[in-house]
1. Label the stretch 22-80 by shape, choosing from rounded, prolate and oblate, from the square roots a ≥ b ≥ c of the eigenvalues of the Cα gyration tensor; if a/c is under 1.5 it is rounded, and otherwise prolate applies when a/b is larger than b/c, oblate when it is not.
2. Fewest Cβ neighbours within 10 Å first, please rank 55, 188, 214 accordingly.
3. For the stretch 259-385, what class follows from the C-alpha gyration tensor (a ≥ b ≥ c being the square roots of its eigenvalues): rounded when a/c is under 1.5, otherwise prolate if a/b is larger than b/c, else oblate?
4. How do 49, 89 line up, fewest other C-beta atoms within 10 Å first?
5. Quick one: if you stick a label point 7 Å off each Cα along the C-beta vector at residue 84 and residue 102, how many nm between them?
6. For residue 379 and residue 247, FRET efficiency with R0 = 25 Å and r from the beta-carbon atoms, rounded to 0.05?
7. Cut-off is 10 Å between beta-carbons; in what order do 231, 348 appear when sorted fewest neighbours first?
8. Hey, what's the Cα Rg ratio for the chain versus the globular rule of thumb, 2.2 N^0.38 Å?
Ligand SMILES: *Cc1c(COP(=O)(O)O)cnc(C)c1O
């Protein structure tokens, strides 16, 4: 499993695995490189939280670095520490924590930390003093998402506290940042409003004596669709894995899906007309037909909401799931086509190879492509192809 081609991705499956998520690391590298070119060479912080959106955090991070990501972004400190343990020595930002977080370990490991509140800043500063090392902190402003980050009314207090901690040497504020609410709707007025609010927040920070170098707002949607949000750095996640953040599944920058979810049929059998299929018999055969059993279910992350709707590729044709997706398996009605136990199935992958995509599954299950790839469970082994190596 060292070659980069789609053929190799299929070949990996010739292992006897009943299911395998094959991740093309070259696709991740190429997607990062394409995004970096798109933003005119600005810094790219590749977001590898949630086990690299299901692709494997360490392998995804290596592929992203190879593609030119100068930064890695994660939600939680444990994720940053896993990257350090894998040997990654580059800049990493970790942005979500609860009181009592092991900031000492994070500071010692040289992980940059985000602060949303004065209390959190104090905790980080105290940890830095204990470790005897200055903590690199990026202050987060809530510019309108209404989720994490300091409220506009609390910003002056946070910035002043940060300036004082910087004078005592406990922390250095390296960045100021925020997160978009509606980046999947380019042109939406909230995007320019949030951009202006971040610029105002940065100006306050500078007036207070801070000199943040890293200013960032854009996730994948902003990176792809809203150049005004780019500041000094962009923070794409889903796009580096080749899945569009937009509802129509398109991307103005060519990106390639990195994950292909393969399976192998467990059983093929002829059944009579009127045969109810799977729990609740929500699908009933209309004529004599052939059913194929795919041994992958919601215990592997296949959404049960994809029952009777999710597509799969089998022997060159796409079929929909027949009946309910259960914990370990689902059924496909292949009519008069022929198939045999052991035949390869692709649940989702790359439409350029005729495969259904994570976006197709998202539509079938009333969710977003993010959830489809990220949910692929720990019961599914990951296989890697591509020159970077896992
Ligand atoms: C997850 C996340 C991102 C990446 O978002 P995508 O839409 O996947 O590009 C960026 N910034 C923050 C704060 C996030 O939580």
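Quick note: the coordinates plus some simple rules give every number you see, no bench work behind them. Since this is a predicted model, take the numbers as computed values, not measurements. Because the Cβ atoms are built from the backbone with ideal geometry, glycine has one as well, and the counts that use them run over all protein chains shown.
1. Since a/c reaches 1.5 but b/c is at least a/b, the shape of the stretch 22-80 is classed as oblate.
2. Least to most surrounded, the residues fall as 188, 214, 55.
3. Note, shape of the stretch 259-385 comes out prolate.
4. Ranking 49, 89 by Cβ neighbours within 10 Å, fewest first, gives 89, 49.
5. 0.9
6. The value I calculate is 0.25.
7. The order, fewest Cβ neighbours first, is 231, 348.
8. Against the empirical 2.2 N^0.38 Å value, I get 1.10 for the chain.
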